[in-house]
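The block underneath contains the structure these notes are about, expressed in C-alpha coordinates.
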Amino acid sequence: MSTFDTIHQNYEHRFAKSNPNMLKPIFGTTDVMPLWIADMDFKVAEPITNELQRLVDRGVYAYEFDPNKVFQVIADWNLRRHRLKLNRKSFVQVSGVLTGIALLIRELTNEGDGVMVQTPVYHQFYKIIKSADRKIVRNPLKIVDGNYEMDFEDLELKLQIENVKIILLCNPHNPVGRVWNREELQRLTELANTYKVTIVSDEIHSDIIYSKATFNSIASFDDNKHISILGSPAKTFGMQSISNGYLYIPNKDVFSKMKETIGSMYLDHGNAFSTFATIAAYTKGEKWVDELIVYLEKSMNWIQDFIRSEIPEVKMFVPEGTYQIWLDFSKLNLSDDALKDLIFIEARLALTPGTWFDKGHSHFMRMNIASPLPKLKEALYQLKIAMNESI
Ligand SMILES: Cc1ncc(COP(=O)(O)O)c(C=O)c1O
(Lines give C-alpha, C1' and ligand atoms only; values in the text may rest on other atoms or scores of the structure.)
Protein backbone atom coordinates (compact mmCIF):
# COMPACT_ATOMS: atom_id res chain seq x y z
CA MET A 1 0.00 0.00 0.00
CA SER A 2 1.31 3.44 -0.91
CA THR A 3 1.42 6.34 1.53
CA PHE A 4 -0.75 8.19 -0.99
CA ASP A 5 -3.49 5.56 -0.48
CA THR A 6 -3.83 6.15 3.22
CA ILE A 7 -3.14 9.80 3.75
CA HIS A 8 -6.64 10.86 2.93
CA GLN A 9 -8.38 8.84 5.58
CA ASN A 10 -10.35 10.52 8.33
CA TYR A 11 -9.48 14.09 7.82
CA GLU A 12 -12.05 16.78 7.98
CA HIS A 13 -11.80 19.86 5.91
CA ARG A 14 -13.66 22.66 4.20
CA PHE A 15 -11.42 23.11 1.20
CA ALA A 16 -12.90 25.11 -1.63
CA LYS A 17 -13.65 22.06 -3.71
CA SER A 18 -15.65 20.38 -0.95
CA ASN A 19 -17.28 23.49 0.50
CA PRO A 20 -21.07 23.06 0.28
CA ASN A 21 -21.48 26.77 -0.47
CA MET A 22 -19.43 26.29 -3.61
CA LEU A 23 -20.83 22.89 -4.59
CA LYS A 24 -24.53 23.71 -4.45
CA PRO A 25 -24.66 26.54 -7.01
CA ILE A 26 -22.40 24.73 -9.48
CA PHE A 27 -23.58 21.13 -9.21
CA GLY A 28 -27.10 21.62 -7.83
CA THR A 29 -26.26 19.29 -4.92
CA THR A 30 -23.75 18.92 -2.12
CA ASP A 31 -23.86 15.12 -2.20
CA VAL A 32 -20.96 14.77 -4.62
CA MET A 33 -17.39 13.49 -4.55
CA PRO A 34 -15.31 16.60 -5.30
CA LEU A 35 -12.98 15.92 -8.23
CA TRP A 36 -13.10 19.31 -9.90
CA ILE A 37 -10.69 22.04 -8.65
CA ALA A 38 -7.09 21.27 -9.64
CA ASP A 39 -5.47 20.66 -6.27
CA MET A 40 -4.42 17.50 -4.46
CA ASP A 41 -5.94 15.47 -1.66
CA PHE A 42 -2.51 14.35 -0.48
CA LYS A 43 -0.54 15.63 2.47
CA VAL A 44 2.55 17.56 1.40
CA ALA A 45 6.07 16.15 1.63
CA GLU A 46 7.30 15.93 5.19
CA PRO A 47 10.16 18.45 4.82
CA ILE A 48 7.59 21.12 3.92
CA THR A 49 5.54 20.40 7.03
CA ASN A 50 8.70 20.36 9.16
CA GLU A 51 9.74 23.75 7.86
CA LEU A 52 6.31 25.25 8.49
CA GLN A 53 6.33 23.71 11.96
CA ARG A 54 9.71 25.29 12.65
CA LEU A 55 8.26 28.71 11.80
CA VAL A 56 5.19 28.14 13.94
CA ASP A 57 7.32 27.05 16.89
CA ARG A 58 9.54 30.07 16.46
CA GLY A 59 6.50 32.33 16.83
CA VAL A 60 8.08 35.44 15.31
CA TYR A 61 6.72 36.73 12.02
CA ALA A 62 8.75 39.80 11.26
CA TYR A 63 9.42 40.81 7.63
CA GLU A 64 11.29 37.95 6.13
CA PHE A 65 11.77 36.92 2.51
CA ASP A 66 14.61 35.65 0.44
CA PRO A 67 13.71 35.79 -3.27
CA ASN A 68 17.26 35.17 -4.46
CA LYS A 69 17.48 31.90 -2.61
CA VAL A 70 14.00 30.95 -3.85
CA PHE A 71 14.95 31.67 -7.47
CA GLN A 72 18.20 29.73 -7.06
CA VAL A 73 16.44 26.59 -5.83
CA ILE A 74 13.89 26.85 -8.66
CA ALA A 75 16.72 27.21 -11.20
CA ASP A 76 18.58 24.23 -9.66
CA TRP A 77 15.43 22.12 -9.76
CA ASN A 78 14.79 22.89 -13.42
CA LEU A 79 18.35 22.04 -14.33
CA ARG A 80 18.12 18.70 -12.52
CA ARG A 81 14.61 17.72 -13.60
CA HIS A 82 14.29 19.21 -17.07
CA ARG A 83 17.88 19.98 -18.10
CA LEU A 84 16.69 23.55 -18.38
CA LYS A 85 19.16 26.35 -17.67
CA LEU A 86 17.52 29.36 -16.08
CA ASN A 87 19.27 32.52 -14.94
CA ARG A 88 18.45 33.44 -11.36
CA LYS A 89 18.52 37.12 -12.34
CA SER A 90 15.64 36.80 -14.82
CA PHE A 91 12.99 35.90 -12.23
CA VAL A 92 10.39 38.19 -10.70
CA GLN A 93 8.23 37.01 -7.85
CA VAL A 94 4.46 37.46 -7.99
CA SER A 95 1.70 36.26 -5.72
CA GLY A 96 0.48 33.66 -8.22
CA VAL A 97 0.61 32.58 -11.83
CA LEU A 98 -2.68 34.22 -12.81
CA THR A 99 -1.50 37.51 -11.32
CA GLY A 100 1.65 37.22 -13.43
CA ILE A 101 -0.30 36.58 -16.62
CA ALA A 102 -2.64 39.50 -15.94
CA LEU A 103 0.31 41.84 -15.38
CA LEU A 104 2.11 40.70 -18.53
CA ILE A 105 -0.98 41.15 -20.68
CA ARG A 106 -1.47 44.67 -19.37
CA GLU A 107 2.20 45.57 -19.80
CA LEU A 108 2.81 44.10 -23.25
CA THR A 109 -0.45 44.87 -25.04
CA ASN A 110 -2.99 47.65 -25.45
CA GLU A 111 -6.74 47.62 -25.13
CA GLY A 112 -8.31 45.82 -28.07
CA ASP A 113 -5.16 43.83 -28.94
CA GLY A 114 -5.55 40.10 -29.49
CA VAL A 115 -4.41 37.46 -27.01
CA MET A 116 -4.47 33.97 -28.49
CA VAL A 117 -5.52 30.89 -26.53
CA GLN A 118 -5.54 27.28 -27.67
CA THR A 119 -9.00 26.01 -26.86
CA PRO A 120 -10.37 24.22 -24.92
CA VAL A 121 -8.23 25.78 -22.21
CA TYR A 122 -8.05 26.66 -18.51
CA HIS A 123 -11.11 28.85 -17.99
CA GLN A 124 -9.41 31.64 -16.01
CA PHE A 125 -7.48 32.63 -19.14
CA TYR A 126 -10.69 33.98 -20.65
CA LYS A 127 -11.45 36.06 -17.58
CA ILE A 128 -7.96 37.55 -17.47
CA ILE A 129 -8.04 38.58 -21.13
CA LYS A 130 -11.58 39.92 -21.04
CA SER A 131 -11.16 41.88 -17.85
CA ALA A 132 -8.15 43.66 -19.37
CA ASP A 133 -10.35 44.63 -22.38
CA ARG A 134 -8.18 42.61 -24.73
CA LYS A 135 -9.62 40.44 -27.49
CA ILE A 136 -9.75 36.67 -27.04
CA VAL A 137 -8.47 35.04 -30.24
CA ARG A 138 -9.21 31.32 -30.30
CA ASN A 139 -6.87 28.86 -31.97
CA PRO A 140 -8.85 25.64 -31.41
CA LEU A 141 -6.82 22.49 -30.88
CA LYS A 142 -7.70 19.76 -33.34
CA ILE A 143 -8.19 16.08 -32.66
CA VAL A 144 -6.06 13.92 -34.96
CA ASP A 145 -6.23 10.12 -34.54
CA GLY A 146 -7.81 10.56 -31.14
CA ASN A 147 -5.19 13.01 -29.83
CA TYR A 148 -5.09 16.76 -29.48
CA GLU A 149 -2.70 18.70 -31.70
CA MET A 150 -2.06 22.36 -32.43
CA ASP A 151 -3.63 23.68 -35.62
CA PHE A 152 -0.75 25.68 -37.11
CA GLU A 153 -2.62 26.71 -40.27
CA ASP A 154 -5.37 28.34 -38.24
CA LEU A 155 -2.76 29.80 -35.89
CA GLU A 156 -0.78 31.47 -38.67
CA LEU A 157 -3.89 32.81 -40.34
CA LYS A 158 -5.00 34.41 -37.09
CA LEU A 159 -1.56 35.88 -36.47
CA GLN A 160 -1.95 37.56 -39.87
CA ILE A 161 -5.42 38.98 -39.41
CA GLU A 162 -6.35 39.24 -35.73
CA ASN A 163 -3.82 41.73 -34.33
CA VAL A 164 -2.46 39.13 -31.93
CA LYS A 165 0.25 40.41 -29.56
CA ILE A 166 0.48 37.48 -27.15
CA ILE A 167 0.10 33.72 -27.55
CA LEU A 168 -0.91 32.45 -24.14
CA LEU A 169 0.47 28.93 -24.18
CA CYS A 170 -0.53 26.31 -21.61
CA ASN A 171 2.25 23.72 -21.32
CA PRO A 172 1.41 21.09 -20.13
CA HIS A 173 -2.07 21.82 -21.36
CA ASN A 174 -4.99 22.08 -18.97
CA PRO A 175 -7.47 20.39 -19.57
CA VAL A 176 -6.39 18.11 -22.46
CA GLY A 177 -3.16 16.92 -20.81
CA ARG A 178 -0.80 17.40 -23.76
CA VAL A 179 2.87 18.05 -23.01
CA TRP A 180 3.92 19.91 -26.13
CA ASN A 181 6.88 18.28 -27.88
CA ARG A 182 9.99 20.01 -29.27
CA GLU A 183 8.79 20.02 -32.86
CA GLU A 184 5.51 21.67 -31.92
CA LEU A 185 7.21 24.27 -29.75
CA GLN A 186 9.88 24.92 -32.39
CA ARG A 187 7.18 25.64 -34.97
CA LEU A 188 5.30 27.82 -32.52
CA THR A 189 8.38 29.90 -31.65
CA GLU A 190 9.23 30.34 -35.34
CA LEU A 191 5.75 31.66 -36.06
CA ALA A 192 5.88 33.91 -32.99
CA ASN A 193 9.22 35.33 -34.16
CA THR A 194 7.99 35.84 -37.72
CA TYR A 195 4.94 37.78 -36.58
CA LYS A 196 6.71 39.45 -33.60
CA VAL A 197 4.32 38.02 -31.06
CA THR A 198 5.27 37.24 -27.45
CA ILE A 199 4.70 33.73 -26.16
CA VAL A 200 3.56 33.79 -22.56
CA SER A 201 3.93 30.21 -21.39
CA ASP A 202 2.05 29.03 -18.33
CA GLU A 203 4.18 26.11 -17.11
CA ILE A 204 2.58 25.61 -13.72
CA HIS A 205 2.00 21.89 -14.46
CA SER A 206 5.53 21.29 -15.77
CA ASP A 207 6.59 18.79 -13.11
CA ILE A 208 3.66 16.41 -13.42
CA ILE A 209 4.89 14.53 -16.47
CA TYR A 210 4.23 10.84 -17.14
CA SER A 211 6.67 8.27 -18.43
CA LYS A 212 5.85 8.59 -22.13
CA ALA A 213 6.47 12.36 -22.32
CA THR A 214 9.30 14.81 -21.77
CA PHE A 215 8.71 18.36 -20.69
CA ASN A 216 10.22 21.09 -22.87
CA SER A 217 10.04 24.63 -21.60
CA ILE A 218 9.64 27.43 -24.11
CA ALA A 219 12.73 28.89 -22.41
CA SER A 220 14.84 26.05 -23.84
CA PHE A 221 14.60 27.59 -27.33
CA ASP A 222 17.65 29.84 -27.48
CA ASP A 223 16.64 31.70 -30.58
CA ASN A 224 13.48 33.06 -29.09
CA LYS A 225 13.72 36.42 -27.35
CA HIS A 226 9.97 36.98 -27.17
CA ILE A 227 8.93 34.78 -24.32
CA SER A 228 7.91 34.91 -20.70
CA ILE A 229 7.29 31.93 -18.50
CA LEU A 230 5.13 31.52 -15.45
CA GLY A 231 5.62 28.89 -12.84
CA SER A 232 4.94 28.02 -9.22
CA PRO A 233 5.55 25.20 -6.77
CA ALA A 234 1.78 24.99 -6.14
CA LYS A 235 0.82 22.07 -8.40
CA THR A 236 4.06 20.12 -8.05
CA PHE A 237 4.04 19.98 -4.27
CA GLY A 238 0.34 20.45 -3.50
CA MET A 239 0.85 23.76 -1.70
CA GLN A 240 -1.69 26.06 -3.35
CA SER A 241 -2.46 27.93 -0.16
CA ILE A 242 1.13 28.65 0.82
CA SER A 243 3.01 29.30 -2.39
CA ASN A 244 3.89 32.22 -4.62
CA GLY A 245 4.34 32.22 -8.36
CA TYR A 246 7.11 33.62 -10.50
CA LEU A 247 7.71 35.18 -13.85
CA TYR A 248 10.80 34.26 -15.83
CA ILE A 249 11.69 36.85 -18.47
CA PRO A 250 14.94 36.44 -20.45
CA ASN A 251 14.38 39.60 -22.51
CA LYS A 252 16.15 42.39 -20.59
CA ASP A 253 13.82 45.22 -21.66
CA VAL A 254 10.68 43.32 -20.82
CA PHE A 255 12.25 42.17 -17.56
CA SER A 256 13.06 45.75 -16.48
CA LYS A 257 9.59 46.97 -17.35
CA MET A 258 7.89 44.14 -15.49
CA LYS A 259 10.19 44.42 -12.49
CA GLU A 260 9.40 48.11 -12.20
CA THR A 261 5.64 47.67 -12.59
CA ILE A 262 5.47 44.80 -10.12
CA GLY A 263 7.78 46.58 -7.68
CA SER A 264 5.72 49.76 -7.90
CA MET A 265 2.70 47.83 -6.65
CA TYR A 266 4.72 45.89 -4.05
CA LEU A 267 3.46 42.65 -5.54
CA ASP A 268 6.85 40.96 -5.26
CA HIS A 269 6.90 40.61 -1.51
CA GLY A 270 6.79 37.03 -0.34
CA ASN A 271 6.34 35.93 3.21
CA ALA A 272 8.27 33.65 5.53
CA PHE A 273 5.87 30.73 5.12
CA SER A 274 5.94 30.64 1.34
CA THR A 275 9.66 31.37 1.22
CA PHE A 276 10.78 28.56 3.50
CA ALA A 277 8.14 26.09 2.36
CA THR A 278 9.26 26.66 -1.24
CA ILE A 279 12.93 26.22 -0.41
CA ALA A 280 12.19 23.02 1.51
CA ALA A 281 10.02 21.71 -1.33
CA TYR A 282 12.59 22.22 -4.08
CA THR A 283 15.57 21.07 -2.02
CA LYS A 284 14.06 18.18 -0.04
CA GLY A 285 10.80 17.24 -1.79
CA GLU A 286 12.14 15.48 -4.86
CA LYS A 287 11.64 11.90 -3.70
CA TRP A 288 8.04 12.71 -2.76
CA VAL A 289 7.39 14.13 -6.24
CA ASP A 290 8.90 11.03 -7.88
CA GLU A 291 6.64 8.80 -5.81
CA LEU A 292 3.64 11.02 -6.52
CA ILE A 293 4.12 10.75 -10.28
CA VAL A 294 4.39 6.96 -10.11
CA TYR A 295 1.21 6.89 -8.02
CA LEU A 296 -0.70 9.20 -10.36
CA GLU A 297 0.37 7.20 -13.40
CA LYS A 298 -0.76 3.97 -11.77
CA SER A 299 -4.15 5.55 -11.01
CA MET A 300 -4.40 6.87 -14.54
CA ASN A 301 -3.69 3.42 -15.97
CA TRP A 302 -6.28 1.83 -13.72
CA ILE A 303 -8.89 4.37 -14.84
CA GLN A 304 -7.98 3.86 -18.49
CA ASP A 305 -8.39 0.07 -18.19
CA PHE A 306 -11.64 0.45 -16.29
CA ILE A 307 -13.12 2.80 -18.86
CA ARG A 308 -12.04 0.56 -21.74
CA SER A 309 -13.56 -2.56 -20.28
CA GLU A 310 -16.53 -1.29 -18.24
CA ILE A 311 -17.78 1.95 -19.81
CA PRO A 312 -16.25 2.05 -23.32
CA GLU A 313 -18.82 4.66 -24.45
CA VAL A 314 -16.72 7.20 -22.53
CA LYS A 315 -13.58 8.38 -24.29
CA MET A 316 -10.65 9.27 -22.05
CA PHE A 317 -7.87 11.43 -23.45
CA VAL A 318 -4.86 9.90 -21.73
CA PRO A 319 -2.81 12.79 -20.37
CA GLU A 320 0.93 13.07 -20.94
CA GLY A 321 1.08 15.45 -17.98
CA THR A 322 -1.08 17.20 -15.30
CA TYR A 323 -3.32 15.39 -12.85
CA GLN A 324 -6.44 16.02 -14.89
CA ILE A 325 -8.17 13.65 -17.23
CA TRP A 326 -10.40 14.90 -20.03
CA LEU A 327 -13.45 12.76 -20.68
CA ASP A 328 -15.69 12.84 -23.73
CA PHE A 329 -19.27 11.65 -23.15
CA SER A 330 -20.64 12.52 -26.59
CA LYS A 331 -21.29 8.86 -27.53
CA LEU A 332 -24.02 8.78 -24.89
CA ASN A 333 -26.06 11.19 -27.02
CA LEU A 334 -27.49 12.97 -24.00
CA SER A 335 -28.73 16.54 -23.87
CA ASP A 336 -26.55 18.94 -21.86
CA ASP A 337 -28.93 18.83 -18.91
CA ALA A 338 -29.26 15.05 -19.02
CA LEU A 339 -25.46 14.64 -18.94
CA LYS A 340 -25.15 16.96 -15.95
CA ASP A 341 -27.92 15.04 -14.26
CA LEU A 342 -26.12 11.76 -14.92
CA ILE A 343 -22.74 12.93 -13.63
CA PHE A 344 -23.67 15.27 -10.78
CA ILE A 345 -26.90 13.75 -9.46
CA GLU A 346 -26.92 10.06 -10.41
CA ALA A 347 -23.18 9.32 -10.25
CA ARG A 348 -22.67 11.91 -7.46
CA LEU A 349 -19.45 13.22 -8.97
CA ALA A 350 -18.37 16.85 -9.04
CA LEU A 351 -16.41 16.94 -12.29
CA THR A 352 -15.54 20.22 -14.01
CA PRO A 353 -17.98 20.87 -16.87
CA GLY A 354 -16.37 21.03 -20.31
CA THR A 355 -18.13 24.31 -21.07
CA TRP A 356 -15.83 26.03 -18.57
CA PHE A 357 -12.96 25.42 -20.99
CA ASP A 358 -14.76 26.60 -24.11
CA LYS A 359 -18.15 26.80 -25.70
CA GLY A 360 -19.11 23.72 -27.69
CA HIS A 361 -17.68 21.36 -25.06
CA SER A 362 -20.81 20.50 -23.12
CA HIS A 363 -20.18 16.78 -23.63
CA PHE A 364 -16.82 16.87 -21.93
CA MET A 365 -15.92 16.76 -18.26
CA ARG A 366 -12.55 17.11 -16.52
CA MET A 367 -11.70 14.83 -13.62
CA ASN A 368 -8.96 15.50 -11.07
CA ILE A 369 -7.06 12.28 -10.29
CA ALA A 370 -4.82 13.62 -7.50
CA SER A 371 -6.76 11.61 -4.96
CA PRO A 372 -6.21 8.22 -3.32
CA LEU A 373 -6.85 5.43 -5.83
CA PRO A 374 -9.49 3.73 -3.64
CA LYS A 375 -11.49 6.95 -3.81
CA LEU A 376 -11.06 7.19 -7.59
CA LYS A 377 -12.19 3.57 -7.94
CA GLU A 378 -15.34 4.41 -5.98
CA ALA A 379 -15.91 7.35 -8.33
CA LEU A 380 -15.60 5.20 -11.44
CA TYR A 381 -17.93 2.53 -10.02
CA GLN A 382 -20.48 5.23 -9.20
CA LEU A 383 -20.25 6.40 -12.78
CA LYS A 384 -20.66 2.91 -14.17
CA ILE A 385 -23.71 2.19 -12.01
CA ALA A 386 -25.31 5.51 -12.94
CA MET A 387 -24.70 4.85 -16.63
CA ASN A 388 -26.15 1.33 -16.42
CA GLU A 389 -29.24 2.57 -14.62
CA SER A 390 -30.01 5.54 -16.78
CA ILE A 391 -29.15 4.36 -20.28
C1 LIG B 1 -2.85 26.33 -16.21
C2 LIG B 1 -3.04 26.96 -14.87
N3 LIG B 1 -2.52 28.18 -14.62
C4 LIG B 1 -2.67 28.79 -13.42
C5 LIG B 1 -3.37 28.19 -12.40
C6 LIG B 1 -3.54 28.91 -11.10
O7 LIG B 1 -2.34 29.45 -10.68
P8 LIG B 1 -2.24 30.44 -9.42
O9 LIG B 1 -3.13 29.86 -8.36
O10 LIG B 1 -0.80 30.43 -9.06
O11 LIG B 1 -2.70 31.78 -9.88
C12 LIG B 1 -3.94 26.91 -12.62
C13 LIG B 1 -4.71 26.25 -11.57
O14 LIG B 1 -5.48 25.35 -11.79
C15 LIG B 1 -3.77 26.29 -13.88
O16 LIG B 1 -4.26 25.09 -14.15
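Observations on the model:
- Options Gln118, Gln124: the member that is surrounded by fewer than 19 Cβ atoms within 10 Å (Cβ to Cβ) and either among the hydrophobic types (A, V, I, L, M, F, W, C) or within 15 Å of the ligand (Cβ to nearest atom) (or both): Gln124
- Glu346 being modelled with pLDDT under 95, touching a helix residue (DSSP H, G or I) at 6+ places or on another chain (Cβ under 8 Å) and charged (D, E, K, R): no
- Subset tally (residues that are within 12 Å of the ligand (Cβ to nearest atom) and surrounded by fewer than 24 Cβ atoms within 10 Å (Cβ to Cβ)) for the stretch 247-256: 0
- Only one of the numbered conditions (1) within 16 Å of the ligand (Cβ to nearest atom); (2) at positive phi is not met by Arg83, and that is (1).
- In this entry, Asp154 is excluded by the filter for residues that are out of contact with any Lys or Arg (no Cβ under 9 Å at 6 or more places or on another chain), over 24 Å from Ala75 (Cα atoms) and charged (D, E, K, R).
- Considered as a group, the residues in the stretch 209-233 that are surrounded by 20 or more Cβ atoms within 10 Å (Cβ to Cβ) and of a type in the set (A, V, I, L, M, F, W, C) include one that is nearest to the ligand (Cβ to nearest atom), and that residue is Leu230.
The rows are residues; the columns are (1) of a type in the set (D, E, K, R); (2) assigned by TED's automatic domain parsing to the domain that holds Leu230; (3) crowded, with 22+ Cβ neighbours inside 10 Å; (4) at pLDDT 95 or above.
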| residue | (1), (2), (3), (4) |
| --- | --- |
| Lys130 | yes, yes, no, yes |
| Ile143 | no, yes, no, yes |
| Phe152 | no, yes, no, yes |
| Asn163 | no, yes, no, yes |
| Leu188 | no, yes, yes, yes |
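- Condition check for Lys259: part of a loop (DSSP other than H, G, I, E, B), more than 14 Å from the ligand (Cβ to nearest atom) and either surrounded by fewer than 20 Cβ atoms within 10 Å (Cβ to Cβ) or without any contact (Cβ under 8 Å) to a residue 12 or more places away in the chain (or both): no
- Taking the conditions (1) out of contact with any Ser or Thr (no Cβ under 9 Å at 6 or more places or on another chain); (2) buried (at least 18 other Cβ atoms within 10 Å of the Cβ) in turn, Asn147 satisfies each one other than (2).
- Every condition in (1) over 17 Å from Gly100 (Cβ atoms); (2) assigned by TED's automatic domain parsing to the domain that holds Asp66 holds for Ser264 except the one numbered (1).
- Yes/no for Gln93 being more than 30 Å from Ser299 (Cα to Cα) and either out of contact with any His (no Cβ under 7 Å at 6 or more places or on another chain) or within 16 Å of the ligand (Cβ to nearest atom) (or both): yes
- Those residues of the stretch 31-77 which are touching a helix residue (DSSP H, G or I) at 6+ places or on another chain (Cβ under 8 Å), polar (S, T, N, Q) and modelled with pLDDT of 95 or more, in sequence order: Asn50, Gln72
The values are calculated or read from the model by the stated rules, or taken from the named source; none is laboratory data. Note that the structure is predicted; figures quoted are calculated from it, not measured. We place every Cβ from the backbone using ideal geometry, glycine too, and count neighbours over all the protein chains shown.
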